[in-house]
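We did not get these values from a lab; they are worked out from the coordinates using the rules stated. Just so it is clear, the structure is predicted and the values come from calculations on it, not from any experiment. Glycine gets a Cβ as well: all are built from the backbone with ideal geometry, and neighbour counts include every protein chain shown.
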Amino acid sequence: MKRIFLLFVATLTAVHSFAQTDANMGIIPAPVSIKKNNGTFELDKTVTLISNEIANAKTADLLNAFIVTKGGFALREAKSATVGQKSIILTSAGAEKLPAEGYLINISPTQIKVTGTGAGLFYAAQSLMQLMPEKKNDKITIQTAEINDYPRFKYRGMHLDVGRHFFPVSFVKKYIDLMAQYKLNNFHWHLTEDQGWRIEIKKYPKLTSVGSSRNGTIIGNYPGTGGTDNEVYKGFYTQEEVKQVVAYAASKFINVVPEIEMPGHSSAAIAAYPELSAFPDKDTFIGEKTPWSGDRKGKQVQQTWGVFDDVYVPTENTFKFLENVLDEVLVLFPSKYIHIGGDESPKEYWKQSAFCQQFIKDNNLKDEHGLQSYFIQRIEKYLNSKGRSIIGWDEILEGGLAPNATVMSWRGEQGGIEAAKQNHDVIMTPGSAGLYFDHKQSISTDEPLTIGGLAPYTKSYAYDPVPKELSADQQKHVIGVQANIWTEYMETPAKVEYMILPRIFSLSEIAWSQVARKDVKNFTEERVPLHLTRIDKTSTNYWVPTPIGQNEKVLNGENITIDLKAPMAGSKIFYTLDGYRPSETATEYTSSFKVIVPQGQKKTLKTIVITPSGKRSVVTETILNNGAPDVKTK
Ligand code: ACM
């Protein structure tokens, strides 16, 4: 009798352990509220999927396709429920009372009712798919609960630079899929750069026949020791492909914001049409910092990174060119927002140019910064006349903000704060707050080549996009948050995936979840591990977290306890104390242990995490110090 009872308890524990431990039921981003109830909904092949609104059919299909993968069975779809039939109901009835993009999920033992419209219903499906545990005996056992959810910010963005490196449509779609799973709704597509123009413009074929191709790429870290690989690197999206991407994104409730950079970062366009430069006959300037002195005859698409002096000259010809380019862009992108760049535009060529100096005088501008402001405002006027609004990087504040512009604050928060104080909308994307996903994720020397900086996913998670120093009214101008993925050092999709996962989870949560729902322990110890464990079973690459409980700080003492936790289900930690690099040949960590460090000495704990699929974390080193003369303790 006792044995049977124990068995019963053990089974119950196994079924419920996942739902019991995590207050967020495994959902990223954390919903506004989750109330767990007693009991479970047993999802098996007898359940009917009811969706009686045409607009919801795609979401119903999405959910059913997921259940096929997760449970090994498809649900019968029907228009209405029969009495006593277990069902999942998708409905928009009552959704008009919900906040924008909001949804409700009510899970009872006999029914899962999902309420929402459009994006809201789609996000409900994402949450429902995330909260489903693994199947057992052909059933998925779901904890009963009531979930109420809606976003904190209306703009939740991820950017992708396809100028420095080009990524095929198939990968762009995968990127969009990831964004959608985490309730991000704006894909900022950075399409033009010094190193490549990536969008077909029919009126200006040289933008792609010349501007999308460079004769080499700098080797290693900029400015480097000189030299490029001398390989032609090229790629662009046809207008047909752009349309495909925009439609694909729309089907996942993602708006695509195209960025057409101006007046700087425009070497590729200038290489195609040198008359867009103040000095059309001057050979390419490749930057003060670049020791390499190769191919610079005529105008070149840049082969190295950085910022370049050769920017658009503000002639009528240039403005006509930009208007014509934008006309084609507007047909392809229904987005209200068009990003016009505006960042890192040196004033040197404008200072040297007699035309620009005369232009400044004729238009009563103060200086070159006034000219930058004139440039942006003129383009804004054009786009406003077409019913669109501009977004610009925070340099567009210099010399006076265009009247209706939204500012993307990247050089810290100050630009955003200033713009909000001027009653302009703001999107926060400060590099200093962990939102530049091109920065490295740990200080380990195992990290691959990056631009530098340090942005572990916990740093991104800690950021609150609303600056405290803004008044309540000014805070309303912070319409959202974005992470940027600059690809100077990301040549492959696998590297992009490594750089965005798991940081996209942090972005998702700071963009969607209420501040009060933030819980770093629950996030790092429950939900990040759960999501990465799922991703580990796929072909998607990611950054494997280091052991929970370990950091690179020095631990001081004679008798030091090492207490670690594997960062993902099924992952193993191996360690060494002998200075060697750990691998699966090292000691496996199974429980906490003590290390004795003799007086005046130190030891180095080196760990590595190996996941079920064989992926490896970087090696993390912790100095265990007992007064060793060469260890700094402060
Ligand atoms: C930027 O990172 N140059 C916006």
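Only residues that are buried (at least 19 other Cβ atoms within 10 Å of the Cβ) and more than 16 Å from the ligand (Cβ to nearest atom): list them for the range 339-350, please. Walk me through how you get there before you give the answer.
Of all residues in the range 339-350, those buried (at least 19 other Cβ atoms within 10 Å of the Cβ) come to 339-342, 345, 349-350.
Selection gives 349, 350.
Any idea how many residues of the range 604-634 are surrounded by fewer than 20 Cβ atoms within 10 Å (Cβ to Cβ) and over 21 Å from residue 548 (Cβ atoms)?
The qualifying residues number 8.
Mind telling me which of the residues 261, 231, 240 ends up being among the acidic types (Asp, Glu), part of a loop (DSSP other than H, G, I, E, B) and either touching a residue at least 60 places away in the same chain (Cβ under 8 Å) or surrounded by fewer than 20 Cβ atoms within 10 Å (Cβ to Cβ) (or both)? Please lay out each step first, then the result.
Numbers: 261 fails: part of a loop (DSSP other than H, G, I, E, B); 240 fails: part of a loop (DSSP other than H, G, I, E, B).
Exactly one of 261, 231, 240 is among the acidic types (Asp, Glu), part of a loop (DSSP other than H, G, I, E, B) and either touching a residue at least 60 places away in the same chain (Cβ under 8 Å) or surrounded by fewer than 20 Cβ atoms within 10 Å (Cβ to Cβ) (or both), namely 231.
Yes/no per residue for (1) farther than 30 Å from residue 632 by Cβ; (2) part of a loop (DSSP other than H, G, I, E, B); (3) small (Gly, Ala, Ser); (4) out of contact with any Cys (no Cβ under 9 Å at 6 or more places or on another chain):
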| position | (1), (2), (3), (4) |
| --- | --- |
| 481 | yes, no, no, yes |
| 488 | yes, yes, no, yes |
| 491 | yes, yes, no, yes |
| 530 | yes, no, no, yes |
| 550 | no, yes, no, yes |
| 553 | no, yes, no, yes |
| 560 | no, no, no, yes |
| 573 | no, no, no, yes |
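Look at residue 325 and say whether it is in a helix (DSSP H, G or I), without any contact (Cβ under 8 Å) to a residue 24 or more places away in the chain and either within 27 Å of residue 186 (Cα to Cα) or in contact with a Pro (Cβ under 6 Å, 6 or more places away or on another chain) (or both). Reasoning before the result, please.
Numbers: in a helix (DSSP H, G or I): yes; without any contact (Cβ under 8 Å) to a residue 24 or more places away in the chain: no; either within 27 Å of residue 186 (Cα to Cα) or in contact with a Pro (Cβ under 6 Å, 6 or more places away or on another chain) (or both): yes.
Criteria not met by residue 325.
Of all residues being part of a loop (DSSP other than H, G, I, E, B) and touching a His at 6+ places or on another chain (Cβ under 7 Å) in the range 399-413, which is nearest to the ligand (Cβ to nearest atom)? Just the residue, please. Write out each step before concluding.
To start, the set of residues in the range 399-413 that are part of a loop (DSSP other than H, G, I, E, B) comprises 399-405, 410-413.
Going one step further and asking which of them are touching a His at 6+ places or on another chain (Cβ under 7 Å), we end up with 399, 401, 405.
On the way: 399: 18, 401: 16, 405: 15 Å.
Among those residues, the one meeting the criterion is 405.
Would you mind stating whether residue 451 is surrounded by fewer than 19 Cβ atoms within 10 Å (Cβ to Cβ), under 26 Å from residue 181 (Cα atoms) and either out of contact with any Pro (no Cβ under 8 Å at 6 or more places or on another chain) or not hydroxyl-bearing (Ser, Thr, Tyr) (or both)?
No: the conditions fail for residue 451.
Per-residue answers, yes or no, for (1) small (Gly, Ala, Ser); (2) surrounded by fewer than 17 Cβ atoms within 10 Å (Cβ to Cβ); (3) within 14 Å of the ligand (Cβ to nearest atom):
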site: 352; (1), (2), (3): no, yes, no
site: 356; (1), (2), (3): no, no, no
site: 372; (1), (2), (3): no, no, no
site: 386; (1), (2), (3): no, yes, no
site: 393; (1), (2), (3): no, no, yes
site: 397; (1), (2), (3): no, no, yes
site: 415; (1), (2), (3): yes, no, yes
site: 421; (1), (2), (3): no, yes, no
site: 427; (1), (2), (3): no, no, yes
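Which of the residues that make up the range 103-116 are buried (at least 22 other Cβ atoms within 10 Å of the Cβ) and outside any strand (DSSP E or B)?
Correct list: 116 only.
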